[in-house]
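All of the numbers you see were taken from the coordinates with simple rules; none came from a lab. These figures come from a predicted structure and were not determined experimentally. Cβ placement follows ideal geometry from the backbone for every residue including glycine, while neighbour counts extend to all protein chains displayed.
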Amino acid sequence: MLPIEKLAKLINENPTLPIVPMVYKDSDDNCSCVIGSVINCEIAEYTIYKNQMYDNKDDFLEAYLNNNEEDLEHKFKGNADDINSYIKQLMKNEFKKAIIVTIDISN
């Protein structure tokens with residue numbers, strides 16, 4: 001099944017889920033329109049943190065801890081169990097189910 005056919009099937013079977021395009025692109029200062037191709041689509045969970053999309057919970061956790069570790073240590077007085085409970089609840093609340101469409105713009 002072609003990726004675009006799979007996308008049509010997922011949309012048809014899950015009409016209430018949002019469609020989230022995921023485009024891998026190197027950062028630059030240029031604004032431009034590019035042509036892309038759907039290379040994959042799947043139902044998955046994602047979140048946005050600091051203007052970046054995360055569809056991998058481990059990557060999100062690493063980024064979140066890098067930015068908040070000291071604050072969490074202070075807030076929970078270094079209690080690792082409380083920090084872990086907070087993080088689990090945060091990920092449960094922040095990650096949303098969607099149809100993730102991976103778009104390749106390398107051509």
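Tell me which of these Leu72 doesn't satisfy, since it passes every other one: (1) in contact with a helix residue (DSSP H, G or I) (Cβ under 7 Å, 6 or more places away or on another chain); (2) among the hydrophobic types (A, V, I, L, M, F, W, C); (3) surrounded by 13 or more Cβ atoms within 10 Å (Cβ to Cβ); (4) touching a residue at least 40 places away in the same chain (Cβ under 8 Å).
Every condition holds for Leu72 apart from (4).
Just to check your reading of the model, which residue among Ile83, Ile19, Ile87 is within 30 Å of Met1 (Cβ to Cβ) and not aromatic (Phe, Trp, Tyr)?
Going through Ile83, Ile19, Ile87 in turn, the sole match is Ile19.
Going by what's in this entry, would Lys57 be described as on the phi > 0 side of the Ramachandran plot and either surrounded by 14 or more Cβ atoms within 10 Å (Cβ to Cβ) or under 21 Å from the mean Cα position of the chain (by Cα) (or both)?
no
In the range 83-107, which residue that is of a type in the set (Lys, Arg) and not in a strand (DSSP E or B) is nearest to the chain's Cα centre (by Cα)? Lay out the reasoning, then the answer.
The first filter runs over the range 83-107 and keeps only residues of a type in the set (Lys, Arg), leaving 88, 92, 96-97.
Still in the list and also not in a strand (DSSP E or B): 88, 92.
On the way: Lys88: 16, Lys92: 13 Å.
My answer is Lys92.
Say we look at the range 34-53 and pick out the residues that are surrounded by 13 or more Cβ atoms within 10 Å (Cβ to Cβ) and charged (D, E, K, R); which of these is farthest from the chain's Cα centre (by Cα)?
Looking at residues that are surrounded by 13 or more Cβ atoms within 10 Å (Cβ to Cβ) and charged (D, E, K, R), I get Glu42.
Could you check how many residues of the range 63-107 are acidic (Asp, Glu) and under 19 Å from Ala44 (Cα atoms)?
Of the residues in that region, 2 qualify.
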